[in-house]
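*Asks:* Mind having a look at this structure? Questions to follow.
The values are calculated or read from the model by the stated rules, or taken from the named source; none is laboratory data. Computed from a predicted model, the values in this text were never measured in an experiment. Virtual Cβ from ideal backbone geometry, glycine too; neighbours counted across all protein chains shown.
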Amino acid sequence: MQERLEALRQMSARLEPEAGLRKEWLGLAADYAERFLESLSGRHGYVPDDRAAETALADGLREEATDLPELLEIIEHGVDRVGVNESTGHFFGFIPGSGLYHGALGDYLAAVSNRYVGVAYAGPGAVRLERQLITWMAREIGYPDAAEGDLTSGGSLGNLGAIVTAREAYGLRSRSLRDAVVYLSAQTHHSIAKALRIAGLGDVRVREVAVDERHRMSAHALEAELGRDRDAGLRPWLIVASAGATDTGAIDPLAGLADLAQRENLWLHVDAAYGGAFVLCEPGRRRLAGIERAHSIVIDPHKGLFAPFGTGLLLVRDGRALRRAYAYEADYMQDADRAGLELVSPSETSPELTRPFRGLRLWLALRLAGVGAFRAALEEKLLLARYFHEALAASPLFEVGAEPDLSIVTFWLRTPLGDEESLNEALVEAVQRDGRIYLSSTRLNGRFTLRLAILNARTHVEHVERAITTLSELGRKVLGR
Ligand SMILES: *Cc1c(COP(=O)(O)O)cnc(C)c1O
């Protein structure tokens, strides 16, 4: 047995690299990261998948060890080279991510120490650090101290948490589902419909409330729908507002919706996965006024706070509602002396137990750069969107949508001779092929629409200038001028 033990130890020795090798690996990884970051400004926003990428990963997993330089080659050619490149300043598609370097360092440190963050007892420091983030964001929103939150993996899971919390707060059970009504709009993110289904609420009635010409939910239309449903003996339950919508950045009239929710006793959830972080700057805060009256809010730090992917945040104004939804001891805990419990465990406010220490990546970035840097960057994005909107409005080539509520601008190539849809489609394809910038398209009221979303931390005025130049040049080409 002793012999076998010794043999097994030798065979598994590569699991514990010694100090010299650790240093070597770290150096190689850091060199790779530097090469990647230095190449960013020259990279296309999108590189289609290809055979070379597939071949790079063809080896699969092996019994024997492989050296790091060889693996970094695989990562470079098989992973990092293809697909959308959200990390560049000239990426304007979908909702851009950033992946701040500070965040990468946080992930490295969190993984090395592997703090257990599910239960406060196991990782009190890690839990305290994450609670700082929740408390800080809740205060920025204007929530009371009783607010509670959950650092999720993203907005979709945050929305699911909000819906589960609202379901429990209203005691919805299978027999009451068919009478319960949810109010949303055509601009609501698809993760809401998915969350309703996952939460066992596929049978509730869903009303798509009309939007105004700027794609904001109409409070008047909502009021009318609510009245009709009450008269029909139904039970209005939940309003899902967007702030801002993924397609257009439109912010629903939060104060008006909060008035209705209050008067009619509905839960108001604000999906601010994209726009929530803008409360950190003054113009954004003004535009999001009323958000503090929502019962729950989802904000994605991996969008508006530029964190690496896998960082979402659910905030619930009445923290007891969130704990009731998730803590299995909730019934007795609500009567417990809260002051005696110094720290709420993340597993009491989340479906997760063991999970990554995802707070460190955000905390480290906020501390290393300072919150002020984030406020400035967010205000910059709002201003850049206005800059782009004004430039395009002044161009004879383009027609623009309404002045942006946040940092997404919608526009169309003017096509005097008709064929609007195919020419606009041709422009998107030309832009994506050209590679100097990346943007994506959508459909608004059935109309094919171009959109420029500004949210990457590395996007500055020269990138927006590049977008204007590229679009004008390729727009003319598409029109055959
Ligand atoms: C991005 C987004 C989501 C989904 O968030 P993930 O982090 O991708 O899961 C939900 N709602 C809105 C408004 C979004 O922009």
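*Asks:* Could you figure out which of (1) away from the ligand (no atom under 16 Å from the Cβ); (2) on the phi > 0 side of the Ramachandran plot; (3) touching a Ser or Thr at 6+ places or on another chain (Cβ under 9 Å) isn't true of residue 210?
*Replies:* For residue 210, the failing item is (2).
*Asks:* State the number of residues belonging to region 390-407 that are under 26 Å from the mean Cα position of the chain (by Cα) and closer than 16 Å to residue 445 by Cβ. Even if it seems obvious, please write down each step before you answer.
*Replies:* Going residue by residue through region 390-407, those that are under 26 Å from the mean Cα position of the chain (by Cα) are 400-407.
Then keep just the ones that are closer than 16 Å to residue 445 by Cβ; that gives 400-402.
Matching residues across region 390-407 total 3.
*Asks:* Hey, any hits in region 67-81 for a residue that's of a type in the set (D, E, K, R), modelled with pLDDT under 95 and within 30 Å of residue 452 (Cα to Cα)?
*Replies:* Restricting attention to region 67-81, the residues satisfying the condition of being of a type in the set (D, E, K, R) are 67, 70, 73, 76, 80-81.
Filter once more, keeping what is modelled with pLDDT under 95: none.
The answer is no, given that none of the residues of region 67-81 is of a type in the set (D, E, K, R), modelled with pLDDT under 95 and within 30 Å of residue 452 (Cα to Cα).
*Asks:* Just checking, how many residues over region 145-173 are in contact with a strand residue (DSSP E or B) (Cβ under 7 Å, 6 or more places away or on another chain), outside any helix (DSSP H, G or I) and either more than 16 Å from the ligand (Cβ to nearest atom) or hydrophobic (A, V, I, L, M, F, W, C) (or both)?
*Replies:* Of the residues in that region, 5 qualify.
*Asks:* Can you say whether residue 411 is within 17 Å of residue 453 (Cα to Cα), among the aromatic types (Phe, Trp, Tyr) and in contact with a Phe, Trp or Tyr (Cβ under 8 Å, 6 or more places away or on another chain), as far as the supplied structure shows? Spell out how you get there, then give the answer.
*Replies:* Values: within 17 Å of residue 453 (Cα to Cα): yes; among the aromatic types (Phe, Trp, Tyr): yes; in contact with a Phe, Trp or Tyr (Cβ under 8 Å, 6 or more places away or on another chain): yes.
The answer is yes for residue 411.
*Asks:* Further question on the same structure: Working carefully through the options 211, 182, 204, 164, find the one that is over 24 Å from the mean Cα position of the chain (by Cα) and of a type in the set (Val, Ile, Thr). Outline the logic, then answer.
*Replies:* Working: 211 fails: over 24 Å from the mean Cα position of the chain (by Cα); 182 fails: over 24 Å from the mean Cα position of the chain (by Cα); 164 fails: over 24 Å from the mean Cα position of the chain (by Cα).
Answer to the selection: 204.
*Asks:* Another one. Any residue that is surrounded by fewer than 23 Cβ atoms within 10 Å (Cβ to Cβ), under 13 Å from the mean Cα position of the chain (by Cα) and within 16 Å of the ligand (Cβ to nearest atom) - is there at least one of those in region 241-251?
*Replies:* Checked region 241-251: no residue is surrounded by fewer than 23 Cβ atoms within 10 Å (Cβ to Cβ), under 13 Å from the mean Cα position of the chain (by Cα) and within 16 Å of the ligand (Cβ to nearest atom).
*Asks:* Kindly indicate whether any position in region 81-102 is free of Cβ contacts under 8 Å to residues at least 40 places away in the same chain and assigned to a helix (DSSP H, G or I). Walk me through how you get there before you give the answer.
*Replies:* Taking region 81-102 first, the residues free of Cβ contacts under 8 Å to residues at least 40 places away in the same chain are 81-83.
From what's left, assigned to a helix (DSSP H, G or I): none.
No, because not a single residue in region 81-102 is free of Cβ contacts under 8 Å to residues at least 40 places away in the same chain and assigned to a helix (DSSP H, G or I).
*Asks:* Only one of these conditions is not met by residue 31: (1) closer than 17 Å to residue 87 by Cβ; (2) surrounded by 12 or more Cβ atoms within 10 Å (Cβ to Cβ). Which number is it?
*Replies:* It fails just one condition, (1).
*Asks:* Could you go through region 125-144 and let me know if any residue there is in contact with a Ser or Thr (Cβ under 9 Å, 6 or more places away or on another chain) and within 16 Å of the ligand (Cβ to nearest atom).
*Replies:* no
*Asks:* What are the residues in region 174-201 that are more than 16 Å from the ligand (Cβ to nearest atom) and assigned to a helix (DSSP H, G or I), if any?
*Replies:* Those that are more than 16 Å from the ligand (Cβ to nearest atom) and assigned to a helix (DSSP H, G or I): 174, 175, 176, 177, 178, 179.
*Asks:* Quick one: which residue in 143, 116 is more than 28 Å from residue 32 (Cβ to Cβ), touching a helix residue (DSSP H, G or I) at 6+ places or on another chain (Cβ under 7 Å) and hydroxyl-bearing (Ser, Thr, Tyr)?
*Replies:* On the way: 116 fails: touching a helix residue (DSSP H, G or I) at 6+ places or on another chain (Cβ under 7 Å).
Exactly one residue qualifies, and that residue is 143.
*Asks:* Still on this model: With respect to the numbered conditions (1) closer than 30 Å to residue 366 by Cβ; (2) modelled with pLDDT of 95 or more; (3) under 32 Å from the mean Cα position of the chain (by Cα), which one is the sole condition not fulfilled by residue 52?
*Replies:* Of everything listed in (1) closer than 30 Å to residue 366 by Cβ; (2) modelled with pLDDT of 95 or more; (3) under 32 Å from the mean Cα position of the chain (by Cα), residue 52 misses just condition (1).
*Asks:* A follow-up question, please. Which pairs do you get when a residue that is within 19 Å of residue 155 (Cα to Cα) and within 16 Å of the ligand (Cβ to nearest atom), found in region 280-305, comes within reach of a residue that is polar (S, T, N, Q) and assigned to a loop (DSSP other than H, G, I, E, B), reach meaning Cβ atoms under 8 angstrom, with the pair 6+ apart or on two chains?
*Replies:* Sorted first by the residue in region 280-305, then by its partner, the pairs are 300/311; 301/311; 302/311; 305/311.
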